[in-house]
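Below is one structure, written out as structure tokens, with a few remarks after it.
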Amino acid sequence: EVFARAGRVRGQRALAQSDGSISQERVGQLFATAKRCPYCGVLMAGRGPARKSLDHMEPVSKGGHHTIKNLIVCCWGCNNRKKAKPFSEWLALLVEPYKGRMLKAYVKRFGAPPEQAYMGFTWGTESN
């Protein structure tokens with residue numbers, strides 16, 4: 001129960017800090033449609049390292065935002081290995097075909113590769 005309560009508190013905090021694009025319903029949809037980990041390809045199910053986990057592609061601790069485009073459902077094992085790594089660093093650790101797929105997904109979401117789109121800036125429009 002302690003872990004369940006901590007998860008609820010963390011989820012409520014994330015919703016409160018969201019830009020409004022995150023809702024319990026939308027996160028539920030992400031979980032419902034996710035079948036394989038986008039980082040390693042494992043079939044996600046049940047408990048253990050293959051269970052589903054919600055990841056911020058760009059970690060909040062590194063300036064990522066609580067937005068729907070920054071969230072992805074992956075296996076707990078990958079989320080645990082990724083920890084708070086910037087996405088460009090995590091991408092370098094992935095193997096093909098997942099590395100290429102995730103780079104394309106990132107560019108589709110953020111408009112540029114991780115090195116150029118980091119922290120919500122869009123390639124070519126950074127301002128200091």
query: What's the number of the condition LYS69 fails, among (1) under 11 Å from the mean Cα position of the chain (by Cα); (2) basic (Lys, Arg); (3) at pLDDT 95 or above?
result: (3)
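The rows are residues; the columns are (1) modelled with pLDDT of 70 or more; (2) touching a helix residue (DSSP H, G or I) at 6+ places or on another chain (Cβ under 7 Å); (3) among the hydrophobic types (A, V, I, L, M, F, W, C).
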| site | (1), (2), (3) |
| --- | --- |
| GLU1 | no, no, no |
| ALA4 | no, no, yes |
| ASP19 | yes, no, no |
| ILE22 | yes, yes, yes |
| LEU30 | yes, no, yes |
| GLY41 | yes, yes, no |
| SER53 | yes, yes, no |
- prompt: Mind checking which residues of segment 32-51 are farther than 17 Å from ALA105 by Cβ and not in a loop (DSSP other than H, G, I, E, B)?
  reply: ALA32, LEU43
message: With the requirement that a residue be open to solvent by less than 40 Å² (accessible area, probe 1.4 Å) and free of Cβ contacts under 8 Å to residues at least 40 places away in the same chain, what does segment 37-71 give you?
response: MET44, GLY48, ALA50, SER53, ASP55, HIS56, PRO59, ASN70
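The values are calculated or read from the model by the stated rules, or taken from the named source; none is laboratory data. The shown structure was predicted, so the numbers you read here are calculated from the model rather than taken from an experiment. As a convention, Cβ positions derive from the backbone with ideal geometry for all residues, glycine included, and neighbour counts pool all protein chains shown. With ligands, DNA and RNA removed, areas are computed over all heavy atoms of the protein, side chains included. Shrake-Rupley method; radii C 1.70, N 1.55, O 1.52, S 1.80 Å.
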